[in-house]
2 protein chains.
Amino acid sequence: MAEPSREEMLGWVERIAKYCADTDGLPLIAGRILGWLTVCDPPEQSAAEIAEAIGASRASLTTNLRLLSSVGFLSQLTKPGNRTVYYQVDDDAWEKVVQRQVESLTSLGEIMRDGMELVGGSQKRGARIRAAHEVFGWLDKVFANAPPLPSAGRANRTQKEK
Amino acid sequence: MAEPSREEMLGWVERIAKYCADTDGLPLIAGRILGWLTVCDPPEQSAAEIAEAIGASRASLTTNLRLLSSVGFLSQLTKPGNRTVYYQVDDDAWEKVVQRQVESLTSLGEIMRDGMELVGGSQKRGARIRAAHEVFGWLDKVFANAPPLPSAGRANRTQKEK
DNA sequence: CAGTTGTTTCAGTGAAGAATGAAGTAGCTA
DNA sequence: TAGCTACTTCATTCTTCACTGAAACAACTG
């Protein structure tokens with residue numbers, strides 16, 4: 001298996017960044033960081049290295065690394081006798097992305113439930129919202145029947161590497 | 001069942017609008033329109049009526065009504081001997097919202113597949129992206145096992161009311 | 001042909017926020 | 001203590017975009 005070229009990797013990173021920006025409202029640079037850290041070698045990288053790779057300023061890196069860490073997508077890693085902080089993506093970062101999307105749908109379902117209560121689902125005027133509400137009932141069912149997430153099998157060995 | 005007060009309705013509309021703006025990147029006013037049309041009485045309303053209800057300018061209404069129509073969330077309705085155009089939400093508008101979210105996740109899954117191909121999922125450096133990829137495999141399975149959408153039962157009787 | 005009504009276009013305003021350079025801070029080394 | 005080096009904060013620039021008022025437009029009525 002040939003090593004991927006830097007260009008190929010950056011192309012892929014850019015797709016990820018675009019996705020994050022478009023659908024998650026994340027800053028472009030945050031998306032690039034996330035993308036880069038999922039394919040780079042080695043997995044842990046300093047802010048400076050990342051900045052160089054994706055072509056962003058250090059200041060931006062500070063801001064966005066904090067953002068990603070606070071949401072729990074990244075973990076930090078320090079090495080003895082070295083002031084540099086290394087960052088790496090959590091193994092289940094992307095799972096969190098998915099979970100967040102699913103949860104947001106769930107919350108929309110709750111709003112619909114409230115709406116139905118508000119206008120009375122049985123009346124004529126409730127037809128539209130009743131249709132909407134059914135969709136979320138369907139969604140609930142889909143996830144109720146779902147197999148457990150893959151991460152359930154993986155212990156949370158992220159972070160701790162004693 | 002008591003009629004909901006205008007205030008209650010507007011409060012609910014605002015929740016919907018916030019959701020749409022936050023997670024779908026829709027303009028606030030578009031979200032308000034969508035929300036209002038989901039609970040208003042009667043279901044079909046003129047641009048002027050909507051503008052009055054949600055407190056927006058007619059110009060904004062034009063813009064956002066076109067936006068919502070182009071995405072297929074609204075349908076238009078005219079009455080003989082009346083120049084006014086009435087708008088109403090499609091019965092499956094909210095289903096489309098859900099579908100769009102799901103599709104966006106699917107597309108993310110494709111990006112991950114490409115990424116794994118890029119770095120080689122078997123190598124050490126592929127551990128992170130392999131974990132990500134598994135999540136999307138899981139997602140696929142979840143929807144593969146899913147019951148059909150409720151709209152499959154409902155004929156598309158929107159639009160046509162002969 | 002005027003007059004009325006409903007809708008659309010257009011240019012402008014304001015606000016939000018991404019990204020940066022430069023200055024500042026903190027920790028290690030000699 | 002002086003001098004690096006890694007990182008952070010701050011103030012600023014720049015862009016984007018929702019929203020609006022005013023004017024233009026189109027269709028119908030008498």
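Numbers for the structure displayed
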quantity: Qualifying position, being assigned by TED's automatic domain parsing to the domain that holds A:L37, farther than 18 Å from A:L28 by Cβ and within 11 Å of DNA strand C (Cβ to nearest atom), among A:T84, A:T63; calculated: A:T84
quantity: First in the stretch B:4-29 and closer than 16 Å to A:T23 by Cα, second anywhere and polar (S, T, N, Q) and open to solvent by less than 30 Å² (accessible area, probe 1.4 Å), Cβ under 7 Å, 6 or more apart; calculated: B:T23/A:S104; B:P27/B:N64
quantity: Residue count, the stretch A:36-68 (criterion: away from DNA strand D (no atom under 11 Å from the Cβ), of a type in the set (V, I, T) and away from chain B (no Cβ under 14 Å)); calculated: 1
quantity: Single residue of the stretch A:35-90 satisfying the filter (of a type in the set (D, E, K, R) and part of a loop (DSSP other than H, G, I, E, B)) that is most open to solvent (accessible area, probe 1.4 Å); calculated: A:R83
quantity: Residue among A:V119, A:V102, A:V71 that alone is closer than 25 Å to B:E110 by Cα and within 11 Å of chain B (Cβ to nearest Cβ); calculated: A:V102
quantity: Some residue of the stretch B:3-24 being within 13 Å of DNA strand D (Cβ to nearest atom) and assigned to a loop (DSSP other than H, G, I, E, B); calculated: no
quantity: Selection status of A:P80, at the interface with chain B (Cβ under 9 Å from one of its Cβ atoms) and over 30 Å from B:V39 (Cβ atoms); calculated: no
quantity: Lone unmet requirement of (1) more than 9 Å from chain A (Cβ to nearest Cβ); (2) open to solvent by 50 Å² or more (accessible area, probe 1.4 Å); (3) out of contact with any strand residue (DSSP E or B) (no Cβ under 9 Å at 6 or more places or on another chain) for B:D114; calculated: (1)
quantity: Selection within the stretch A:25-35 - at the interface with chain B (Cβ under 10 Å from one of its Cβ atoms) and away from DNA strand D (no atom under 15 Å from the Cβ); calculated: A:G35
quantity: First in the stretch A:51-68 and in contact (Cβ under 8 Å) with a residue 60 or more places away in the chain and over 15 Å from A:G35 (Cβ atoms), second anywhere and more than 9 Å from DNA strand D (Cβ to nearest atom) and in a loop (DSSP other than H, G, I, E, B), Cβ under 8 Å, 6 or more apart; calculated: none
quantity: Of all residues making up the stretch B:29-49, the number that are more than 9 Å from DNA strand C (Cβ to nearest atom) and touching a strand residue (DSSP E or B) at 6+ places or on another chain (Cβ under 7 Å); calculated: 6
quantity: Hey, B:S151 within 15 Å of DNA strand D (Cβ to nearest atom), polar (S, T, N, Q) and either surrounded by 16 or more Cβ atoms within 10 Å (Cβ to Cβ) or assigned by TED's automatic domain parsing to the domain that holds B:G11 (or both) or not; calculated: no
quantity: Odd one out for B:E7 among (1) crowded, with 19+ Cβ neighbours inside 10 Å; (2) modelled with pLDDT under 95; calculated: (1)
quantity: Within the stretch B:93-109, tally of residues that are open to solvent by 40 Å² or more (accessible area, probe 1.4 Å) and either aliphatic (A, V, I, L, M) or closer than 21 Å to B:C40 by Cα (or both); calculated: 1
quantity: Residue check for A:R32: closer than 22 Å to B:R113 by Cα, charged (D, E, K, R) and either open to solvent by less than 60 Å² (accessible area, probe 1.4 Å) or not assigned by TED's automatic domain parsing to the domain that holds A:V97 (or both); calculated: yes
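The values are calculated or read from the model by the stated rules, or taken from the named source; none is laboratory data. Here the structure is a predicted model, which means the values were calculated and not measured. We place every Cβ from the backbone using ideal geometry, glycine too, and count neighbours over all the protein chains shown. Keep in mind that these areas ignore ligands, DNA and RNA; they rest on the heavy atoms of the full protein, side chains included. Shrake-Rupley method; radii C 1.70, N 1.55, O 1.52, S 1.80 Å.
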